[in-house]
Amino acid sequence: VAFLRIWLLLLSFVLVAPGSRSQGARSLQKCHSYLQTEFKYGEHYLYFDWLQFQWHLKELQTLYPKFLSIETIGYAGQYPLYKVKTTGATSRQRRLRVLVTAGTHGTEPVGVASALDLLERYGRDKSFRDKVELVVFPALNPWGLSRFSRRNQQGVDINRSFLDGQESENSRLLMKDLSGESFDLALDLHGARSFYEHFLIRGAADGGLAENSIRAISKKDRLDSETGEYPGSFGGYTLFNEGVSESSNMGTMKSYAFDQLRIPYAYTFEYPGKVNPRQTHRLNFRLVMSMINHLL
Ligand SMILES: [Zn+2]
């Protein structure tokens, strides 16, 4: 009998111990169980895919029902396009209004994870809620995210389709939803498959915001120009400082945010696709928070 009692005690400890952790910790643990030490780019989908995204989004809503409101702005290739608005702030001070888009390319899941991290931070941190209001489209290309495809269900690169007459199903829904809205900051979260370092693409000269924000990560994790001099270039981008660039691509979400919505600070964030997602996810989120904090 004594042996049975001890055995039951041990069993109950094993069963109860995981439950004593917060749901958030379990959620992260589940995410991280997909991690391995070495990742090839094509294996990034193991880190985070459409099903895991939906699981995490539901988990966030369960954790923070007062602070997050999830709606569907329409369907692209029969997949819902989710919009998450933050609610429940009690402060009366003017808050920084931030637009976040992620998962435009289905091969860049770390950006999606960072968008969810930001919502998690909002739910958990009252002082953050008092200063920031978020509108987040965490997975703009669900078809691509479920298949590890850069393009959408129409074979279109969504991040070239924010142009009149060249809209994709996805960009059309987003532009319709955002029409007439105003924001202080726009972050479009991406990844660059052949890169080893992080960089930001700005809409225009920004008074040093990108340069100051990217200092939140160490120099070795910021993209250098080919010659090490500035202005310089790397892979078709013009670099103004380590990790701060502009691009001439047309029809991007960032240029739509900057040119059409007139958001004064609009950026594409690029995390390095050559690096283990665990490491790059942590740095990517640090960068996102750094830029928001620089405007508070
Ligand atoms: Zn991208």
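The values are calculated or read from the model by the stated rules, or taken from the named source; none is laboratory data. Note that the coordinates shown come from a computational prediction; the quantities given were computed from them, not determined experimentally. When we count neighbours, we look across all protein chains shown, and the Cβ atoms used for this are built from the backbone with ideal geometry, even at glycine. Ligands, DNA and RNA are stripped out before the accessible areas are found, and what is left, the full protein with its side chains, is counted by its heavy atoms. Shrake-Rupley method; radii C 1.70, N 1.55, O 1.52, S 1.80 Å.
Considering 246, 211, 197, the condition of being over 21 Å from residue 158 (Cβ atoms) and in contact (Cβ under 8 Å) with a residue 40 or more places away in the chain is satisfied by 197 alone.
Residues of the range 181-198 that are within 16 Å of the ligand (Cβ to nearest atom) and within 24 Å of residue 72 (Cβ to Cβ): 186, 187, 188, 189, 190.
When restricted to residues that are within 20 Å of residue 97 (Cα to Cα), away from the ligand (no atom under 16 Å from the Cβ) and open to solvent by less than 50 Å² (accessible area, probe 1.4 Å), the range 154-180 contains 3. Across the range 220-238, not a single residue is classified as out of contact with any Leu (no Cβ under 8 Å at 6 or more places or on another chain) and of a type in the set (A, V, I, L, M, F, W, C). Taken over the range 231-282, residues that are more than 15 Å from the ligand (Cβ to nearest atom) and among the polar types (S, T, N, Q) amount to 7.
Using the structure shown, decide if residue 163 is under 21 Å from residue 249 (Cα atoms), in a helix (DSSP H, G or I) and of a type in the set (A, V, I, L, M).
Considered against the rule, which asks whether it is under 21 Å from residue 249 (Cα atoms), in a helix (DSSP H, G or I) and of a type in the set (A, V, I, L, M), residue 163 comes out as no.
Could you say which residue among 99, 116, 189 is in contact with a Gly (Cβ under 9 Å, 6 or more places away or on another chain) and in contact (Cβ under 8 Å) with a residue 12 or more places away in the chain? From the options 99, 116, 189, the qualifying one is 189.
Yes or no, residue by residue, for (1) open to solvent by less than 40 Å² (accessible area, probe 1.4 Å); (2) within 16 Å of the ligand (Cβ to nearest atom); (3) within 26 Å of residue 59 (Cβ to Cβ):
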position: 95; (1), (2), (3): no, no, yes
position: 100; (1), (2), (3): yes, yes, yes
position: 130; (1), (2), (3): yes, no, yes
position: 134; (1), (2), (3): yes, no, yes
position: 142; (1), (2), (3): yes, yes, yes
position: 150; (1), (2), (3): no, yes, no
